[in-house]
Amino acid sequence: MGDKQRFTSSRKLDHLRICAEEDVECGDAGFEDIRFVHNALPECDMGAIDLSARFLDHTLSSPLFISAMTGGHPGTKDVNARLGRAAERYGIGMGVGSQRAALENEALADTFAIVRNEAPHAFLVANIGAVQLRDHGIAWAERAVEMIEADALAVHLNFLQEAIQPEGDHNAVGCLGAIEELCRDFKTPVIIKETGCGISAATARKCWGAGIKAIDVGGWGGTSWAAVESVRADKGKTARDRALKALGQDFSGWGIPTVVSLAEVLATGGPVIASGGIRSGLDIAKGLALGAGLCGMALPLLRPAMESDEALASAIDAFHRELTAAMFLTGSATVADLRKAPLYITGRTRQQIDKDNPARIRR
Ligand SMILES: Cc1cc2nc3c(=O)[nH]c(=O)nc-3n(C[C@H](O)[C@H](O)[C@H](O)COP(=O)(O)O)c2cc1C
């Protein structure tokens, strides 16, 4: 393994440890500003509520999606195995983390392939960065999909993180063209995914125009890569490390809150995955009621996945219980019913999504 490959791989382990051990959550995704209208006469049976959801021609047992997190270092394989087993057991979808490390070094492919071994029937999403796609083309996209026999490919956008990482890719020119070229020839559906800064209506329009099949908003208000990179820089001792730490802190407030991004993207098309700061089954219910097809969670599942299968199952059970209760109390027997449930949008979120708000600058 060369130095570059070793570095990509060890960074994956750093990220996992930092996310599991440090405070890396910033901001407000906007879910507090959403309130359901309580239905005092729900006329449905809580025991018979159907959580199943359709997404990209797949039927999933629940709209909870395990967002992309890991793989790419031998120390991440067990976590991916646990997440895969949970995806299979619950019939839910799952994304793997960026497959770059295994595309650079085939010996790491098993840290991703384990997910398909553990989840032979699950809806699985492969993952590469837009910069890697631009630099290596469709060949890497194909290998990423083959590695886990994926049902879809997420191309992630993480330019905030790249801007803060000293070793980051600082040139974003040509990524949209690469996505367009990929979508022209690729058989597997392509999803565009942010990683914590959200997607605007303008960016969404460009992506739909390029031929993508879904968007994962990856909005602000949950795990912050500015915070993660700031913590990472804090472990170094040089003046450059101190400058990077400050840069990360300054930009921890950067991004479009998840609920705002969801509204922006849904105004341009769909299907859409809501993710970024979803922290409960009630947040999942709100995401669905706002129009999301699935709701992704990363950090809330990471800590239990690092612990045990039981811990992960009990976290998922709790989220499902909360989602079921919210469906019951809005009189929603199915996810389709929940999408029609009335809600209030208040506070800053309302200001940001109100198209008649004079403070909202549209370009
Ligand atoms: C440990 C960790 C690793 C991640 N790695 C990736 C990645 O490789 N590719 C990607 O697209 N997103 C990655 N993400 C971002 C998540 O998929 C998600 O978009 C983001 O964390 C927001 O969700 P959350 O607030 O529920 O954590 C990672 C998140 C975590 C916590």
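The values are calculated or read from the model by the stated rules, or taken from the named source; none is laboratory data. None of these values were measured; they are calculated from a predicted model. Neighbour counts are summed over all protein chains in view; Cβ atoms, including those assigned to glycine, are modelled from backbone coordinates with ideal geometry. The accessibility values were calculated without ligands, DNA or RNA, using every heavy atom of the protein model including side chains. Shrake-Rupley method; radii C 1.70, N 1.55, O 1.52, S 1.80 Å.
Remarks
- Qualifying residue in segment 210-228 (condition: free of Cβ contacts under 8 Å to residues at least 12 places away in the same chain and over 24 Å from GLY287 (Cα atoms)): no
- Matching strands (runs of 3 or more DSSP E) fully within segment 30-109 where at least 2 residues are of a type outside the set (A, V, I, L, M) and open to solvent by less than 20 Å² (accessible area, probe 1.4 Å): 93-95
- The set of residues in segment 16-31 being over 15 Å from SER261 (Cα atoms) and more than 12 Å from the ligand (Cβ to nearest atom) consists of ASP23 alone.
- Segment 123-135, residues that are in a helix (DSSP H, G or I), in contact with a helix residue (DSSP H, G or I) (Cβ under 7 Å, 6 or more places away or on another chain) and away from the ligand (no atom under 12 Å from the Cβ): VAL131, LEU133, ARG134
- Of the residues LEU247, LEU262, LEU282, the single one that is crowded, with 24+ Cβ neighbours inside 10 Å and either at pLDDT below 95 or within 16 Å of the ligand (Cβ to nearest atom) (or both) is LEU262.
- Hey, GLY221 more than 26 Å from THR8 (Cβ to Cβ), within 12 Å of the ligand (Cβ to nearest atom) and either crowded, with 22+ Cβ neighbours inside 10 Å or at pLDDT below 95 (or both) or not: yes
- Cβ pairs under 7 Å, 6+ apart, first in segment 345-361 and open to solvent by 50 Å² or more (accessible area, probe 1.4 Å), second modelled with pLDDT under 70 and assigned to a loop (DSSP other than H, G, I, E, B): GLN351/ASN357; GLN351/ALA359; GLN352/ARG360; ASP354/ARG360
- Taking each residue of segment 275-301 that is without any contact (Cβ under 8 Å) to a residue 24 or more places away in the chain and looking for partners that are more than 8 Å from the ligand (Cβ to nearest atom) and open to solvent by 10 Å² or more (accessible area, probe 1.4 Å) with beta-carbon atoms closer than 9 Å, six or more apart or interchain, yields PRO300/SER280; PRO300/ALA315; PRO300/PHE319.
- In segment 157-169 there is at least one residue that is within 26 Å of ALA86 (Cβ to Cβ) and modelled with pLDDT of 95 or more.
- Which numbered condition PRO120 fails, given (1) within 14 Å of the ligand (Cβ to nearest atom); (2) more than 15 Å from the chain's Cα centre (by Cα): (1)
- Scanning segment 287-303 for residues that are assigned to a helix (DSSP H, G or I) and open to solvent by 20 Å² or more (accessible area, probe 1.4 Å) gives LEU290, PRO300, ARG303.
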